[in-house]
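Okay, structure first, notes after.
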Amino acid sequence: MGAPPGPSCPVTAEAADLAQRIVDGDRRALARSITLVESTRPDQRARAAELLDAVLPATGRAVRVGISGTPGAGKSTFIDELGSRLTAAGHRVAVLAVDPSSRRSGGSIMGDKTRMARLARDPAAFVRPSPSGGTLGGVARRTREAALLCEAAGFDVVVVETVGVGQSETAVAEMVDCFVLLAAPAGGDELQGIKRGIMELADVIVVNKADGDLLPAARRTAADHRHAVHMLRPRYPGWTVPVLLASALEGTGVDEVWQAIRRFEEHLRAEGLLDALRAEQAVAWMWSEMREHLLDAFRRDEKVAARLEEVEAAVRAGRLSPTTAAHELLAAHGLAGAPEV
Ligand SMILES: Nc1nc2c(ncn2[C@@H]2O[C@H](COP(=O)(O)OP(=O)(O)OP(=O)(O)O)[C@@H](O)[C@H]2O)c(=O)[nH]1
Ligand SMILES: [Mg+2]
């Protein structure tokens with residue numbers, strides 16, 4: 001028996017069986033598998049890792065879209081509208097959420113199902129709220145893994161919703177092909193509040209709520225964003241970030257946003273950048289896993305644990321430089337190397 005080509009670790013029969021059911025479109029198997037990747041129990045983590053290896057060959061064929069924006073900008077309403085149009089056109093749409101905050105006022109991302117009422121009932125869609133709790137790194141990992149499972153299940157559009165406050169938008173930008181910033185109409189002063197950081201991540205900008213009384217403000221906001229976009233260094237050569245108007249409520253401009261997402265994907269593909277982007281994201285994901293595991297193992301090391309408090313206190317009191325302290329802890333672990341020059 002020769003080793004299978006590709007992954008170095010052959011998957012167990014259990015993982016292969018579950019993977020097959022996911023690929024066959026068994027929704028309960030998919031839901032159960034996502035619960036498995038969300039588990040933090042070490043034995044479950046091992047099973048989840050095997051399952052992910054087993055589904056990997058069936059992934060990579062979906063369009064991966066991130067949608068971020070300030071609370072209440074209309075992200076869920078927009079995704080419901082866009083997703084319903086896509087399923088009507090024959091697509092299969094999965095929606096996942098990244099929400100590490102405990103913000104539960106003003107409607108959670110999807111706990112309040114009414115915001116995605118149509119998609120939640122749509123047999124061609126799959127809506128999965130973010131499990132509450134955990135570090136951003138943990139939530140991001142689970143979302144990435146859930147996205148892969150959805151791709152394996154044949155969803156050809158995977159949308160990740162996140163609130164654009166804090167770091168979660170960066171985590172989402174690192175797991176999608178196209179990052180959409182959804183803004184609400186605002187006065188000129190308020191635009192300043194949009195962090196430069198999130199503008200720099202955007203591949204497509206949408207000013208939502210361009211309807212009724214809000215239309216003039218939406219137009220002004222779009223003009224302000226266009227101006228801001230021109231001040232930024234382009235993330236990809238040859239791609240100017242489009243700033244579009246839409247109304248998730250009335251359904252206007254939604255098709256145009258989808259066309260912009262497709263044009264962006266085509267642009268990346270034509271330049272050979274899509275595979276490169278995904279390859280970089282996969283490697284970055286590996287390193288973020290490494291960081292979490294190494295730090296965890298390091299902190300749990302008995303010799304480190306014995307000295308941690310004392311060394312931290314010395315750093316806090318200014319008796320020990322952070323650099324020397326780090327080296328002392330590394331040495332306690334037996335990891336001391338020559339300091340960097
Ligand atoms: N006028 C108008 N209102 C909208 C539009 N889209 C959403 N809304 C309203 O804005 C409010 C917030 O919508 P959500 O879709 O929950 O916004 P969200 O960005 O997902 O909110 P969070 O997930 O809580 O950050 C709701 O009252 C929506 O009805 C729109 O296009 N026009
Ligand atoms: Mg929402």
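Coordinate-derived values only; no laboratory data. Computed from a prediction, not measured in an experiment: that's the story for all the values here. Here the Cβ is made from the backbone with ideal geometry for all residues, glycine too, and neighbour counts use every protein chain on show.
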*asked:* For a quick check: with amide H placed at 1.01 Å from N, whose amide H comes under 5 Å from Ala153's, ignoring anything fewer than 5 positions away on the same chain?
replied: none
_Projecting each Cα onto the charge dipole of the stretch 59-271 (Lys/Arg +1, Asp/Glu -1 at the beta carbon, about the Cα centre), which of Val176, Leu86, Leu215 comes out farthest on the positive side?_
Val176
*Treat every Asp and Glu Cβ in the stretch 14-57 as -1 and every Lys and Arg Cβ as +1, leave all other atoms uncharged, and give the resulting dipole magnitude about the Cα centre to the nearest 20 debye.*
200
*Can you pull the one-decimal nm distance between simple spin-label points at Leu295 and Ala88, each 7 Å off the Cα toward Cβ?*
4.6
*Between Ala331 and Met286, how many nm apart are label points set 7 Å from Cα along the C-beta direction?*
3.3
*Would you mind ranking Asp301, Asp203 by Cβ crowding within 10 Å, fewest neighbours first?*
Asp301, Asp203
_In nm, spacing of pseudo-spin labels at Ala46 and Glu14 (7 Å Cα→C-beta vector)_ = 0.9
*Over the chain, equivalent-ellipsoid semi-axes from the Cα gyration tensor in Å*: 36, 28, 19
*Rounded to the nearest 5, what is the percent of antiparallel bridges among the DSSP beta bridges in the chain?*
5
*Charged-residue dipole, Cβ positions (Lys, Arg, Asp, Glu), the chain about Cα centre, Debye nearest 20*: 440
